[in-house]
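Dumping the structure here so I can ask a few things about it.
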Amino acid sequence: VERLKNSEDYYACYGYGRWLYFANPDGQSLKEAQEKLTLAANYGYVSDAFAALSEMYYDGTVDTDKANLEMHAFLMYKAEQEKSELAQYMTLLNTIYGDYGFEKNPATVADILKKHLEKHPDSDPIYWDLLGQAIEDTDKDEAYKCYMKALKAGNNETYYSLVHLFSHNDL
């Protein structure tokens, strides 16, 4: 963390800003996270920094301590224009659950991911996890298979999805 903190590299600024946001969510750390992410976005053109900032503006964890939905929408748009993988992930995830101002539509996400994974079965395993989340309410057995593919491909975060699946369903 100290190496990220003291680096002049904009990707390191992004990484340190994300660490501050998740590991130290207090006022001063959030202010520093916003500063680091803004540097990474505006001067380093780190596309994922725009998406990370959009999340902060939606939650109101910025220097004003108030949500700013217009800034959230602008930054998500900018992140998508800059081909941010984080924005893509956030859009898919938030469309599954209807969070962060996105309309809930897990069926659309499932269709998108099925087509993508059919063409690119060796994609990042996070897409298998997302597909499992998108279909969990309608096809628990298939969701389980998706989660297992994600785990086999190395996505350890999928254990959280499996815990959710098992704790909310009789399998």
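The values are calculated or read from the model by the stated rules, or taken from the named source; none is laboratory data. Quick caveat, the model's predicted, so the values are computed rather than measured. Cβ coordinates were reconstructed from backbone atoms using ideal geometry, including for glycine residues, and neighbour counts include every protein chain displayed. Please note that ligands, DNA and RNA were not included when accessible areas were found on the heavy atoms of the full protein model with its side chains. Shrake-Rupley method; radii C 1.70, N 1.55, O 1.52, S 1.80 Å.
Sticking with the crude label model, points 7 Å out along Cα→Cβ, report the distance from Gln81 to Glu103 in nm, one decimal please.
Each label point is offset 7 Å from its Cα along the Cβ direction, giving 2.3 nm.
Ignoring everything except DSSP H segments at least 4 long, calculate the 222 nm mean residue ellipticity for the chain; use -39,500 (n - 2.57) per segment, divide by total residues, nearest 500.
The helix-only estimate for the chain comes to -22000 deg cm²/dmol at 222 nm.
Shifting gears a bit: Using a 1.4 Å probe on the protein chains only, how many percent of the accessible area of the chain belongs to carbon and sulfur?
Carbon plus sulfur share of accessible area: 51 percent.
Still on this model: Distances longer than 19 Å among the Cα atoms of segment 62-120: what percent of all pairs is that?
40
I would also like to ask the following. Of the residues Leu117, Leu93, Leu37, which exhibits the maximal mean-square fluctuation in a Gaussian network model of the chain defined by a 10 Å Cα contact cut-off?
Leu117
In nanometres, what is the gap between the two model label sites at Tyr160 and Asn6, each 7 Å from Cα along Cα-to-Cβ?
If labels sit at Tyr160 and Asn6, their model points lie 3.1 nm apart.
Ok, one more. Report the dimensions of segment 88-143 along its three principal axes from the alpha-carbon atoms, largest first, rounded to Å.
In descending order, the Cα extents are 30, 24, 15 Å.
Which residues make up the longest stretch of the chain clear of trypsin sites (Lys or Arg not before Pro) that lie in a DSSP loop with no more than 15 other Cβ atoms within 10 Å, not counting the sites?
The reported range is 105-171.
Can you list the HN-Hα couplings for segment 152-162, worked out from phi with the Karplus curve (6.51, -1.76, 1.60; θ = phi - 60°), rounded to whole Hz and with x for Gly and Pro?
Karplus-based 3J(HN,Hα) across segment 152-162 equals 4, 7, x, 8, 5, 4, 5, 4, 4, 5, 5 Hz.
Mind checking the alpha-carbon convex hull of the chain and giving the volume per residue in Å³?
131
In nm, to one decimal, how far is the Lys145 label point from the Glu70 one, both placed 7 Å along Cα→Cβ?
Rounded to a tenth, the inter-label distance reads 4.9 nm.
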